[in-house]
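The values are calculated or read from the model by the stated rules, or taken from the named source; none is laboratory data. If you're wondering where the values come from, they're calculated on a predicted model, not measured in any experiment. Backbone-built Cβ (ideal geometry, glycine too); neighbour counts: all protein chains shown. Protein only, heavy atoms only, side chains kept; ligands, DNA and RNA dropped before computing areas. Shrake-Rupley method; radii C 1.70, N 1.55, O 1.52, S 1.80 Å.
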Amino acid sequence: AFTEGLPSYDYDPEAARALAVGVVGRTPNRAAALAVATRLAEFPVPARILLLPILADRADPALLPAIAKAAEDADGGVRVAALTALGQAGDASVVPALSRALGAGVPDPERAAAGRSLERLASPGTDAAIVAQLQSPDAILRAALIRCLGARRARGAVPGILAAAKAPEAPVRL
């Protein structure tokens, strides 16, 4: 037989996972990356954490819904990886997902990742999308959004920031 004389190998899930992660990052096949992205939740947590930045590196807008969905994963590490990936590959359409992670009750690592990602987004319309989120009733979220707009040096957002800063809640007031 063809396989006679070849060494036998036991299936190693860690090696298989590493191979899959490497293939996704290197393949020019968009359909393969989309297939992995749509089935991301089926991978073990460590693989999801590894795959998210690799998917973001592809800079394919078709992958953003899967990355945004991972931002709501049950695992905090996956959520942080997804929020970071959204800042790397996202556009103004991901502002609501990132904003949700800035609100009251969200763990600090996720809030920090979401804030950095909002500051990093460079697509047209991002500042306006962030200003639109200032309508939230969550004072913690509004204060974090104002900080992000300041870090972005979003001059066009000044009227929205000033309006939000007149809020009665201490975290938002100037």
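A compact table of results
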quantity: Computed FRET value (nearest 0.05) for Ala128 with Ala32, which takes r as the C-beta separation and R₀ as 25 Å; calculated: 0.10
quantity: Label point distance in nm, Asp91-Ala151, each placed 7 Å from Cα along Cα→Cβ; calculated: 2.3
quantity: Accessible area of the stretch 61-174 belonging to carbon and sulfur atoms, whole % at 1.4 Å probe; calculated: 58
quantity: Two-site FRET efficiency, Val45 against Arg116, from Cβ-Cβ distance with R₀ of 22 Å, rounded to 0.05; calculated: 0.55
quantity: Gain in span if fully extended, Gln135 to Val23, counting 0.36 nm per residue against the direct Cα distance; calculated: 36.1 nm
quantity: Accessible surface of Thr38 - all protein chains present, 1.4 Å probe, nearest 10 Å²; calculated: 110
quantity: FRET efficiency for Ala62 and Ala163, using Cβ-Cβ distance with R0 set to 35 Å, rounded to 0.05; calculated: 0.45
quantity: The stretch 74-174: trypsin sites (Lys or Arg not before Pro) falling in loop per DSSP and having at most 12 other Cβ within 10 Å; calculated: Arg153, Lys166, Arg173
